[in-house]
1. Select the strands (runs of 3 or more DSSP E) contained entirely in region 227-314, then report the ones holding at least 3 residues which are under 21 Å from W189 (Cα atoms) and at pLDDT 80 or above.
2. Filter region 7-27 down to the residues that are free of Cβ contacts under 8 Å to residues at least 24 places away in the same chain and assigned to a helix (DSSP H, G or I), then identify the one that is surrounded by the fewest Cβ atoms within 10 Å (Cβ to Cβ).
3. List pairs: first in region 158-175 and more than 11 Å from L101 (Cα to Cα) and free of Cβ contacts under 8 Å to residues at least 60 places away in the same chain, second assigned to a helix (DSSP H, G or I) and away from the ligand (no atom under 14 Å from the Cβ), Cβ under 7 Å, 6+ apart or cross-chain?
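The values are calculated or read from the model by the stated rules, or taken from the named source; none is laboratory data. This is a predicted model, so every value here is computed, not measured. With ideal geometry, Cβ positions are generated from the backbone for all residues, glycine too; neighbour counts draw on all protein chains shown.
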Amino acid sequence: MPQQPSPPTLPFELVQEIIQSLNGEDDRPTLLSFLRVSKACWETAAHVLYRTILLTKDRTERLFLTGGEDMAVVTESPESRLVHLSPRTRRALSFIERVELKDIEPEHIYLLWAATTPDTPLFPNARQVCLRHFRGRWPNACQYPQKDVPQDVDIFGHIDLCVEMELAFRYIEYLPVQKYKRVSIHNVWSPRFSMTPYPDEWEELRWFEFYAQTFASKVVQRFDEAEAFLDDIDPDGKLPPLTYVVPTDEWEDLTLGSLSKERGWVPSPTSRIQFTFDSADWRAPPCVVCGKKFDWPQDTVVSYKGAPHTFRAG
Ligand SMILES: [Zn+2]
């Protein structure tokens, strides 16, 4: 009986290149099987598989909670139910470059604190973080007592942050970060600076405005809030400016006119509050994290210099 030829063996460098060319989403099943082949394959496949992570309530529970119970039925303190994270899981967490947190609740944040090793960020290599809250409870409606973030806990290292919706803005203070680089804020109606200990360090802070006309009518109030906020966190004026990105220039004259009349303020390149009124050629660069230029959720017609203009969101 002829001997069965042994299957050809590919050099590991080639296998590595094949794995690296796979897509974390589309090729998920293939990558999952590579995890089981060998230690070296695990390392390469895990790097691709865990480059980005979306943490919803369910996923956070599955990842960090013993038995993956629904947090709603866990009556004792959630952090006492933290799953033991193996060195391999911690290594996988260190591969994550982009984290999206969507609609998580305060209990899940406590779990993240509990999972964090003192003085080492839980996601040490995350560079982009997106925090979104379309539905959920207000932190003060949380069934657990409010807690202060432990001193030695940092969830993230040096990141670009994108915040979407009012609740997400409130949650920032519970997700401690070593250093903010670029921060973008979307769909936050009332900033409530006074209630939110906002990042005391950043390289760029941009506030994407939702309704340019409403913004024009409230700009003096918004300006005063921003001034008070900056006085509070940056009295020496060392930080880069806070920039409001307004999606049309239709109300530019009205907006700046109010500020000039009410506050005697005129635009200047050295001012710590800046306004960008975009026009039909959409000059403002998109948010570095989510890629959005404006917050309108679907194709929207705006009046630009008196003529209707349509742009596609996203
Ligand atoms: Zn964004």
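1. Working: elements: 242-246, 273-277, 300-304, 307-311.
In region 227-314, 242-246, 273-277 are the strands (runs of 3 or more DSSP E) which contain 3 or more residues that are under 21 Å from W189 (Cα atoms) and at pLDDT 80 or above.
2. E13
3. R170/P139
Residue-wise test of (1) crowded, with 17+ Cβ neighbours inside 10 Å; (2) at pLDDT below 80; (3) closer than 19 Å to L242 by Cβ; (4) within 16 Å of the ligand (Cβ to nearest atom).
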| residue | (1), (2), (3), (4) |
| --- | --- |
| R137 | no, yes, no, no |
| D152 | no, no, no, no |
| I172 | yes, no, yes, yes |
| Q178 | no, no, no, no |
| R182 | yes, no, yes, yes |
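Okay, residues lined up against (1) outside the structural domain of G291 (by TED's automatic domain parsing); (2) surrounded by fewer than 17 Cβ atoms within 10 Å (Cβ to Cβ); (3) at pLDDT below 90:
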| residue | (1), (2), (3) |
| --- | --- |
| P5 | yes, yes, yes |
| P29 | yes, yes, no |
| A45 | yes, no, no |
| V73 | yes, yes, yes |
| E97 | yes, yes, no |
| P106 | yes, no, yes |
| I109 | yes, no, yes |
| T117 | yes, yes, no |
